[in-house]
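The structure under discussion appears below in the form of structure tokens.
Derivation of every value follows stated rules applied to the coordinates shown; laboratory data play no part. Every value quoted in this text rests on a predicted model; they were computed, and no experiment measured them. Neighbour counts run over all protein chains shown; Cβ positions are idealised from the backbone, glycine included.
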Amino acid sequence: MKRMADRAVFIVVGAAMALTAAVLILPLVYTIAMSFEPRPTIGPFPPETLSLQWYRKFFESPYFLGGLWTSLLVALISSAVSSTLGTFAAIGLSRATFPGARLLSALFLSPLVVPGVVLGFALVVFFSLTGLDSSFARIVLAHLLLTIPYTIRTSLAVVDGISPTLTEAALSLGANERQALLRVVFPLARTGIATGFILAFAFSMDDISATIFLTDPKVYTLPVALASSIKSQFNLTIAAASIMLILLAIAFIVVLDRIVGIEAVLGKGIYRS
């Protein structure tokens, strides 16, 4: 009887996993196929032949290319700065012994539980009160606020596993605090830092709920451009642009694998005391 129950649970869990995979993968397969659609509009699936016309139109569109350039620039700046700030914040939180340290940690992570729409509207009001008119600066600051919690969490997970005795040993051997931090803590925490950078970059490239409140006709990100195109003039250039975003993420992971090693980023090389 127990074996039958275990088998039933296994079947139910397997079916749920298969359904989840289908929900995630099938729309992606459909989008990829439609990006090679040779007809001027969406036709029966699958397409009879393949064409690169929508990719050509994407690269010929100043509107989409402008959004792509802004997205890349914002993502690189915000992920680099948030990784740096998140790492230092994680080191400080891991060593904090004063009352209220946990409250401070929760405060740093609070943007994770605030809906993007609410955060975007709040930032519009805040930037209006402060007089910050640059849309690019607004978007970068907003993405910093959105991505720092990810970098803090990933760095904190690694820094907490680094034994304080290693830093003490470095200090006893003549290193100062800065040298111990750069030569002991940072190398051991590199996997968490790299993981946070990846998450920050991916989230920044994909965000639209908060970003859409902060753009203007001249400064906008690619997801905002795609959302606007869906409403104004829907065509399959949007599918090609979506695939470009996926390919960009894959290329970024491949480069990171060459530099750091994807197994290390996923946690295999994380130091544990």
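Quick notes
- The chain: relative contact order as a whole-number percent, Cα under 8 Å and 6+ apart: 29 percent
- Estimated vicinal HN-Hα couplings, Hz - region 21-26 in sequence order (Karplus 6.51, -1.76, 1.60; Gly, Pro = x): 4, 5, 5, 7, 8, 4
- 10 Å Cβ shell holding at most 13 others, DSSP loop, trypsin sites (Lys or Arg not before Pro): longest site-free stretch of the chain: 1-217
- Coordinate range along principal axes, alpha carbons of region 14-150, Å, largest first: 67, 48, 25
- Spherically averaged projected area in nm², based on the convex hull that wraps the Cα atoms of the chain: 21.7 nm²
- Between region 1-39 and region 215-230, the C-alpha centres lie 32 angstrom from each other.
- Projecting label points 7 angstrom from Cα along Cα→Cβ for Leu50 and Leu72 puts them 2.4 nm apart.
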